[in-house]
Every structure is written in C-alpha cells, then in structure tokens.
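Structure, as structure tokens:
What follows draws every value from the coordinates through simple rules; no lab data is involved. The structure displayed is predicted, hence computed values, not measured ones. Counting neighbours? That spans all protein chains shown, and the Cβs are built from the backbone with ideal geometry, glycine included.
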C-alpha cells in the first residue's frame, strides 16, 4: 500500500502537502482563463475544486497573468449588502495593493447602489491601476444562496462581460466562479439568467423574447431594482437587436488590410492591403483574384456602379483601374503624394481621388466626352499644320465642335 501521506482529504492538496494529479479540467480551465473567458466550476464537495483553483491561479501568475482569489465565506452571512460588497473589495485590495484608498473611494461613491459601485470600482480603479489581464476566482459562491441581495452581484459580473462590446478594457478582466450550486441557483431572476444564456448559445430570437420580458418587468411601476440590473437588460436587448455576427473570415493578405468594398450586386468583395495587392473574394470567403501592379501599399478600393470596373488608390501616388477579371486597364498619374481614397460618380463616368498632396483629382472615364475634348484641343493643329497628312486633317470632322479651355 502506498504512503498515505501523499493523499489529502479535505482542503486543498497544496495546503495538505499532498501530490496534485492533473486532470482534463486543469487544461480546460487554464485555457479559458488565458482567453479571458468567464467560467464556472460547480460540483459537489470534495471533488478537488479548490485544489484546481489554487493550481490554476498559480500557473497564471507564473505566466504573468494577475490572479486573485476571493473566498466568499470570509465575507460572512450575517452582514448587510453594504458590508458584503465592501468586504469583496477589501479582499481585492489585500492582494492587489491599490494606490487608491478603497475605504475613501467607497464612501465617496455612496450615492450609487452597491453593485454599481462594484462595477465602477472594476472600471475606474482595478483596470486603471493593474496592467495586463486579471482573473478573479470567486470561491464558495454557494454561500450567497442564504443572502437576499446577491442577485445583483452575479448580474454585475455578467454585465462586465457584455460591456466588453462598448469598453474593450473590460476584455482584460474575467471571472471564475467556484462552488456547489447550479447557474439557476445563483440568480433568482430566472428570466434575466435565461436571456443571457440564450445569448451565449446564439439563440438571438429566443434571447430577444426573454430580454423583452425582463425589460417589461423592470418597467413595472414601483418596482425597486438595482441600476445594474436595468443596465444589463438594456445591454442584452442592444446586443440582440444591434449585434452583428461574423459570417466569414477572409484571410490571405500578408500585411494589414486598408480598405474593403462590396460590388453593387453584393456578390464580390474587394480588399486593399499594405502587401501592395488587391484581392477579390466571393461571399463564401473564397479568393477569386489577386490584382498586382501597385508598387506600394494599397489604401482604398471602389467598384463602379455597374460593378464591372474597380479603382484602387495607393501610396505609389497612382490610381489604377481594373476590370472584374483582375486585368489592369489604366494607371492614372498626377498626384505628388500618397493617394488615400477613391470613389466613382453615380454614373460611373468619373473617378475622384484624395491624396496626401492636399488635392482631390477628378478623372474622366467617358470615352465620347474624352474624344470631343481631345478634338477640341487638337482641331486647329490638324487643320493648320502643313506637316499633317490629309487623312489626319479630317480626323475630327465628324466630332463635335464645342471647344474646352
């Protein structure tokens, strides 16, 4: 029989001096934390949750990712909401050593609800003072089940995730919830939890219906709800109604992509890149053509109204005109510095280009108009130069006589 001292019963393996045996959950949780994804570990007691938490936190710390562990049991059960939320911040202060005086900050913001103060603290203090990624492990979350004010705590955590869409700084902050509970146990407002879970599962219409139910409930007269709960309801509805999902990813340029345009029929996409090329793609993400010809970065691209011609603007001081098959038709020279943008007129007969040389140039693509203008300029020369042969003298006889100066 092996040495019994290698086994630990109760508490963490690390504290008991035992040998930690890695499991699949170790790599899964570590991967979620590295990717700043919100996670939870909810299992019966004596299954190694705390040991998993301690090991993951230590590994993240070794990798340069700031890790904090908050045991909610330490906050107590016979406390007010004010004391509980402030106690949570004190645990963060003990480990992160903020420059901000947490006691003074909490008192100065007492006009806010406690959960709003919590989210404001994360944004205004924690993320402002701590560089890089931060993972907060919240242990013994089941201890909140006996409290009647912690719904907003979990809703606030979810809000911090949703708010990443409008404040990318929140992308540095993630949470891992540990304990003996189910997700449904943690938030008694089932509709709010259901709406967020549906969003996570990409079931937008169902999430929208549920989110609307939450919103209507919050509009009930005399309904007292923390501000963060209202904010979360608004954020959920915004995410469903205005959210745009990535349908495809077009990856083949070897440098930064500077511009992109859809063809008028919506079937072709053109992209302009610092790799000196334009690429044409279909909507399924398949590359159709690579247009090579520019000698420097391509900054902009545009389709003609009929979709058959493409114009590109480049740091090589030129505008190039291409057909839909990727053949170069013309190079328009005249700018003395980088050309940053290009556009077609609605009739497709004129190209406008914008340059670092402080000018916008207009380029005429109307063949008939160009012939008329050309004849206006050259007619006197053809008729009066004795060295021009007779056939050339009559070159513009059937072309309009309007002069252009």
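Numerical summary
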{"read-out": "Alpha-carbon centroid distance for the pair the stretch 94-111 / the stretch 153-171, whole angstrom", "value": "20 Å"}
{"read-out": "Residue exposure sequence - 139, 148 - by fewest surrounding Cβ within 10 Å", "value": "148, 139"}
{"read-out": "Shape call, the stretch 18-151: gyration tensor on alpha carbons, a/c limit 1.5", "value": "oblate"}
{"read-out": "Relative exposure of 40, 161, 85, judged by other C-beta atoms within 10 Å (fewest first)", "value": "40, 161, 85"}
{"read-out": "Pairwise centroid distance, computed over Cα atoms, of the stretch 252-325 with the stretch 27-90, Å", "value": "49 Å"}
{"read-out": "Orientation-averaged projected area, Cα convex hull of the stretch 257-365 (nm²)", "value": "5.8 nm²"}
{"read-out": "Neighbour-count ranking [beta-carbon atoms within 10 angstrom, fewest first] of 271, 353", "value": "271, 353"}
{"read-out": "At R0 = 25 Å, FRET efficiency that the Cβ-Cβ distance of residue 362 and residue 325 yields, to 0.05", "value": "0.45"}
